[in-house]
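**Student:** This is the structure I have questions about; it appears just below.
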Amino acid sequence: MSIREMIQVAEVLQVEGLIQEWMTVMMKLDVNKDGAANVHFQAFKMSYICIKLVKEGVA
């Protein structure tokens, strides 16, 4: 997740109200040339501090 994507999420969350933290999982599916699939997961958590920094214009 890029810095810009994190800021966009924080901007949305501050509009939504008093969300203390936010978690999401990004999933990527790779299919090799033999047709076998590999699934990769990456978890992200955003704290209230990050949302507060965006709200105050620091980020």
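Let's see how each residue does on (1) modelled with pLDDT of 80 or more; (2) assigned to a helix (DSSP H, G or I):
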site: 7; (1), (2): no, yes
site: 11; (1), (2): no, yes
site: 15; (1), (2): no, yes
site: 24; (1), (2): no, no
site: 28; (1), (2): yes, no
site: 40; (1), (2): yes, no
site: 43; (1), (2): yes, no
site: 52; (1), (2): no, yes
site: 59; (1), (2): no, no
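**Student:** Restricting to the range 43-58, name every residue that is more than 10 Å from residue 10 (Cα to Cα) and touching a residue at least 40 places away in the same chain (Cβ under 8 Å).
**Tutor:** Passing the criteria: only 44.
The values are calculated or read from the model by the stated rules, or taken from the named source; none is laboratory data. All values reported here derive from a predicted model rather than from experimental measurement. We place every Cβ from the backbone using ideal geometry, glycine too, and count neighbours over all the protein chains shown.
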